[in-house]
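Novice: First the structure, then my questions, so here it is.
The values are calculated or read from the model by the stated rules, or taken from the named source; none is laboratory data. All figures in this text were calculated on a predicted structure; none of them were measured in a lab. Heads up, the Cβs are rebuilt from the backbone with ideal geometry, glycines too, and the neighbour counts pull from every protein chain shown. The area values use the complete protein model at the heavy-atom level, side chains included, leaving out ligands, DNA and RNA. Shrake-Rupley method; radii C 1.70, N 1.55, O 1.52, S 1.80 Å.
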Amino acid sequence: MSVKRYSSMEYDNFEDLLFGHSKYPVKTGLNLEIGAGYTTAEINYAPRPDAAENKATLVNEYERITRDIMERMVQVGFPSIVLETEHVQQMTHNPEWGADIATAQKAIMEEYHDEYGIKCALRHTVGDVRGDRERIDLRGDAYSRILESFEQIASSGADMLSIESLGGKEVFDHSILRNDMRGVVFSVGILGALDVEYIWKDICSIAKKNKVVPAGDTACAQANTAMFVAGGLLDFKLSHSVASVVRAISASRSLAAYEAGAVGPGKDCGYENNIIKAITGYPISQEGKGSTCAHSDLMGNMAMQCCDLWSNESVEYRGDFGGTTVQCWGETLSYDCSMMNTALEAGVGKTLRDVLMVSDRYRDPQAFILSYDNAYRIGEVITAHPDDMYLRAKEAGMKACELIESGSEGFLELSKFEKATIKKARNDLKSLDENMESFICNCLDIYSSEVDTFDPSNYGL
Amino acid sequence: MIDINPKNILIRYNILVESDMTPEEVAEQLFPTDPYIRQIAKAVFEGDEDEVVAALQNTIDSGVDPLSLINDALMAGMEVVSTLYDYGLLYLPDVIISAQAMIEGIEYCKEQSKQVHESKGKIISYVVEGDIHDIGKKIVTVLLRANGYEVIDLGKDVPVEEVVAAVKREKPIMLSGTALMTTTMHAFKDVNSRLLASDINVPVVCGGGAVTQDFVSDYDLGVYCEEAADVPKIADSILQGLDIRKLRDTFHKH
Ligand code: B12
């Protein structure tokens, strides 16, 4: 499959970005359409630790999860639902486990669809098992196993294919702990993008062959790692401004999946998806206040602003006072969707969007740069450099710095520390090489010696 | 687009609690006074590897024993860094960068000395079987090394067998284990029982996202702690003779 670089924005204006609406809705599963004028909950779950003992126990666990969710959805009257199964390692390592689980889940979903007409679809997210103990081997045997897993789930009932890819992580981990912006741009903007493009060409062919949806990736291993190390307001681990810069840069990485043929909805944990939607017009999944079961973040309401699917990231399957956890969280998410869908029907969607966005806009620099207007602005600098992976990553980072600095002249309060780090990040980015060739050449030298797990051949370099 | 002044809907508490003094100003008050030593400690604080080596060289040339500088100067500098980190005045990358400079400094002192330098103690660090989340472990490892410990880093996704074999071989003063998933953290219990079966009573200090104090309190050798920065403090306490029960009393906060 060929690669199409984005050189302009699919949305003409940030005012047009809105939840439940995308330029290119995705039809999938059992009569579901994503981004076609309504939002749908995407419930995500993890089996209990001892359920993965063997294939039979695991299939059984997922059957119970699926039935519980479908049952609750019809009990409370929700019109649509998406289920996301994020593979536990065993499912990707043994591709037939993943396939059997997809088949079992889909059979139950079909039952409910036939009986009640509830619109639904199944996403399977394959585990990126390419990083083994001592080294990362992105293109070897483990990669073949991943493709085999995609192949099997795609032919066994999964409607949408995703992965949270690892490419660039070894250099990123090293760099983020040292405030090294060069390493961040190199690992996310170059290495990450090269890997995403490489794997998504293959995933898209598999999806095409099996007539399922190549949905999308996320920069979880990079931007979410930074977000987690940064933590809450009183965690003094990593500058939140620096985490914002990483997030902006990560959009240039996630975009590579769509350039290789993915069509959305992008993965829930990709907070950079606001930028992706503005660029590509494809629907996105997002998580925020409905994923507090999995982690805390500083933009719980805002994350809804442009979502098409609304997710809980992940919850361990077990009993709770209100039912099983998947029922409780699925219900919460679906009520949120109901609220968004009502606003759309009533013609006040944009007002609700703005309320959600403004309630978090100034909570943190990370929220500020992902507010839909600013996300759009970052998209613009990325598309201004369609043929230069390096420049688009670097410029996205610089744009985030500029937005935060100008925001701090308004309502975005920054600590002295954040002001200093954002200034330093901007200067560091500015002083990087002029062009991609010399940048890559320098980085290969530096990181081959600084990071022992870094092997350029993983990226065809 | 709607916009409002957010002062009634959110509070940026990080700004409220920010100190008026810069980290540099606070550090100035904490550095040792001897001019040679101060220069080394300051270079560690600034994370400047070249400056650390230059300052060490300078001091060694003036007749000071290289090995004594590890404790007296390098550690003194790192202590300032740790103190400021505990105050919330420095951030993790600052600590990592200083730690790296410190580690270079230790190597240099060792090269310059004819005697053998004894590390404070040997520690094994690893991420449990089935788990590849290793950033936390990397942080812990650097901090321990910067505090003068020799760390045998077994890496990530380390089988129980291998952890136990390494303990038997290396005889560490403690283990530092990381787990981020509820599905993988049970491997701590297996390590615990395998060690007990061989009559080895080494503290297994456990941390990382998924791990909780309740979980760790459940097996005999387990000591729980939340913060990577506390791991060197636990090691120091072990050297001071605290046993597992006392370690729990000191470090179990919930
Ligand atoms: C980044 C990340 C990843 C990255 C990891 C990158 C890396 N190099 O580590 C990638 C993308 C590779 C990844 C993969 C997966 N992940 Co992940 N990941 C995360 C995420 C978002 C952040 C983790 C992180 O780096 N935190 C920052 C670091 C610094 O924190 P930390 O390690 O806890 O360390 C701190 C302290 O705990 C302490 N500490 C650490 N070690 C020690 C040791 C001692 C002794 C002490 C005292 C203290 C201490 O010090 C550190 C600093 O304070 C979490 C989300 C979350 N809520 O935690 C999910 C999360 C951990 N991942 C999860 C999952 C499910 C997975 C996958 C299975 C997904 C998949 N389907 O492929 C795979 C796992 C593969 C495997 N076999 O391990 C789940 C786990 C759920 C569960 N069952 O418990 C989480 C919780 C997300 C979720 N809510 O669903 N992930």
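Novice: What residues qualify as long-range amide H neighbours of A:Arg48, i.e. H under 5 Å apart, gap of 5 or more or another chain, H built at 1.01 Å from N?
Specialist: A:Tyr317
Novice: For the protein assembly as shown, what is the accessible area per residue in Å², given a 1.4 Å probe and the full set of protein chains?
Specialist: Ligands and nucleic acids excluded, the figure is 37 Å² per residue.
Novice: Short version: ³J(HN,Hα) in whole Hz for each residue of region A:446-461, in order, from phi by Karplus 6.51 cos²θ - 1.76 cosθ + 1.60 (θ = phi - 60°), x for Gly and Pro, what are they?
Specialist: With coefficients 6.51, -1.76 and 1.60, one gets 4, 7, 5, 8, 7, 10, 5, 7, 7, 10, x, 5, 4, 10, x, 9 Hz.
Novice: So what are the ³J(HN,Hα) numbers for region A:405-416, from phi and the Karplus equation (6.51, -1.76, 1.60; θ = phi - 60°), rounded to whole Hz, Gly and Pro as x?
Specialist: 4, 6, x, 6, 7, x, 8, 7, 7, 10, 6, 4
Novice: Among DSSP bridges having both ends in the protein assembly as shown, what percentage is antiparallel? Round to the nearest 5.
Specialist: 15 percent
Novice: Rounding to the nearest 10 and keeping the result within 0 to 90°, find how far the Cα-based axis of helix A:372-383 lies from the longest principal axis of chain A.
Specialist: 60 degrees
Novice: Pick out, in residue order, every one of the chymotrypsin sites (Phe, Trp or Tyr not before Pro) in region A:299-389 that is DSSP loop and has at most 13 other C-beta atoms within 10 Å; say none if there are none.
Specialist: For chymotrypsin sites (Phe, Trp or Tyr not before Pro) across region A:299-389 that sit outside H, G, I, E and B with at most 13 neighbouring Cβ atoms in 10 Å, the list reads A:Phe321.
Novice: Considering amide H positions built from the backbone, and no H for Pro or chain starts, which residues 5 or more places from A:Leu30, or on another chain, come under 5 Å of its amide H?
Specialist: Correct list: A:Cys120, A:Ala121.
Novice: What shape does region A:1-43 take by its C-alpha gyration tensor, where a ≥ b ≥ c are the square roots of the eigenvalues and a/c under 1.5 counts as rounded, a/b above b/c as prolate, and the rest as oblate?
Specialist: oblate
Novice: For the protein assembly as shown, what does -39500 (n - 2.57) per DSSP helix run (n ≥ 4), summed and divided by total residues, give at 222 nm, in deg cm²/dmol to the nearest 500?
Specialist: After summing the helix terms and dividing by residue count, I get -15500 deg cm²/dmol.
Novice: How many percent of the accessible area of region A:134-190 is carbon or sulfur, using a 1.4 Å probe?
Specialist: Ligands and nucleic acids excluded, carbon and sulfur give 39 percent.
Novice: Do any residues of region A:128-146 show a loss of at least 40 square angstrom of accessible area between the isolated chain and the full protein assembly, using a 1.4 Å probe, and if so which?
Specialist: A:Arg133
Novice: Moving on. Starting from the residue with the highest accessible area, list B:Lys156, A:Lys423, A:Lys119, A:Lys211 in decreasing order, probe 1.4 Å.
Specialist: A:Lys211, A:Lys423, A:Lys119, B:Lys156
Novice: Another question, if that's okay. Assign one of three labels to region B:122-251, namely rounded, prolate or oblate, based on the Cα gyration tensor with a ≥ b ≥ c the square roots of its eigenvalues; rounded applies when a/c is under 1.5, prolate when it is not and a/b is larger than b/c, and oblate otherwise.
Specialist: Rounded.
Novice: Report, in listed order, any pair from A:Lys55/A:Lys211; A:Lys201/A:Lys277; A:Lys209/A:Lys267; A:Lys119/A:Lys208; A:Lys289/A:Lys423 with a Cα-Cα distance greater than 24 Å. Write out the running numbers ahead of the final one.
Specialist: Details: A:Lys55/A:Lys211 27 Å; A:Lys201/A:Lys277 20 Å; A:Lys209/A:Lys267 22 Å; A:Lys119/A:Lys208 22 Å; A:Lys289/A:Lys423 31 Å.
Table pairs above 24 Å Cα-Cα are A:Lys55/A:Lys211; A:Lys289/A:Lys423.
Novice: Using modelled backbone amide H atoms (1.01 Å from N, in-plane), which distant-in-sequence or interchain residues come within less than 5 Å of A:Asp132's amide H?
Specialist: Amide H neighbours of A:Asp132: A:Asp137.
Novice: Just which residues of region A:220-243 lose 30 Å² or more accessible area with every protein chain there, against their chain alone, with the probe set to 1.4 Å?
Specialist: A:Leu233, A:Leu234, A:Phe236, A:Lys237
Novice: Counting only protein heavy atoms and using a 1.4 Å probe, what share of the accessible area of region A:316-461 belongs to carbon plus sulfur, as a whole percent?
Specialist: In region A:316-461, the share of accessible area belonging to carbon and sulfur is 51 percent.
Novice: Using only Cα atoms, locate the centre of region A:198-260 and the centre of region A:73-119, then give the distance between them in Å, rounded to an integer.
Specialist: 25 Å
Novice: Additional query: Under a straight-distance cross-link criterion of Cα-Cα below 18 Å, which lysines are reachable from B:Lys110, leaving out those fewer than 8 residues away in the same chain?
Specialist: By straight Cα distance, B:Lys110 reaches B:Lys120, B:Lys122.
Novice: Follow-up. Region A:159-190 to region A:295-353: how many Å between their Cα centroids?
Specialist: 29 Å
Novice: Just in region A:127-202: which chymotrypsin sites (Phe, Trp or Tyr not before Pro) are loop by DSSP and have at most 15 other Cβ atoms within 10 Å?
Specialist: Answer by residue number: there is no such site.
Novice: Expressed as a whole number of Å, what is the distance separating the alpha-carbon centroids of region B:171-226 and region A:15-46?
Specialist: About 44 Å separates the Cα centre of region A:15-46 from the one of region B:171-226.
Novice: At 10 °C and 1.306 mPa s, grab the translational diffusion coefficient of chain A from Stokes-Einstein with a Kirkwood Rh over Cα pairs, rounded to a whole number in µm² per second.
Specialist: My calculation gives 73 µm²/s for D.
Novice: Restricting to bridges with both residues inside region B:122-251, how much of the DSSP beta-bridge set is antiparallel, in percent to the nearest 5?
Specialist: Beta bridges within region B:122-251, antiparallel portion: roughly 0 percent.
Novice: If you plug each phi of region A:51-60 into the Karplus form 6.51 cos²θ - 1.76 cosθ + 1.60 with θ = phi - 60°, what whole-Hz ³J(HN,Hα) values come out, in order, with x for Gly and Pro?
Specialist: Couplings: 6, 8, 4, 8, 4, 4, 5, 6, 4, 4 Hz.
Novice: Please give me, ordered by residue number, the trypsin sites (Lys or Arg not before Pro) of region A:2-72 that lie in loop per DSSP and have at most 14 other Cβ atoms within 10 Å.
Specialist: Those satisfying the criteria are A:Lys4, A:Arg5.
Novice: Something else: Considering only protein heavy atoms and a 1.4 Å probe, what is the carbon-and-sulfur percentage of the accessible area of region B:122-251?
Specialist: 49 percent
Novice: Let me ask another. Please name the residues of region B:106-150 whose accessible area, counted over protein heavy atoms with a 1.4 angstrom probe, falls by no less than 30 Å² between the chain alone and the full protein assembly.
Specialist: Relative to the lone chain, where solvent access is computed with a 1.4 Å probe, region B:106-150 loses at least 30 Å² at B:Ile132, B:Ile135, B:Lys138.
Novice: How big a patch of accessible area, both sides summed and in Å² to the nearest 100, lies buried between B and A at a 1.4 Å probe?
Specialist: Accessible area lost upon association: around 3800 Å².
Novice: Once Rh for chain B is found with the Kirkwood sum over Cα pairs, what is the Stokes-Einstein diffusion coefficient at 25 °C and 0.890 mPa s, in µm²/s?
Specialist: Here the translational diffusion coefficient equals 124 µm²/s.
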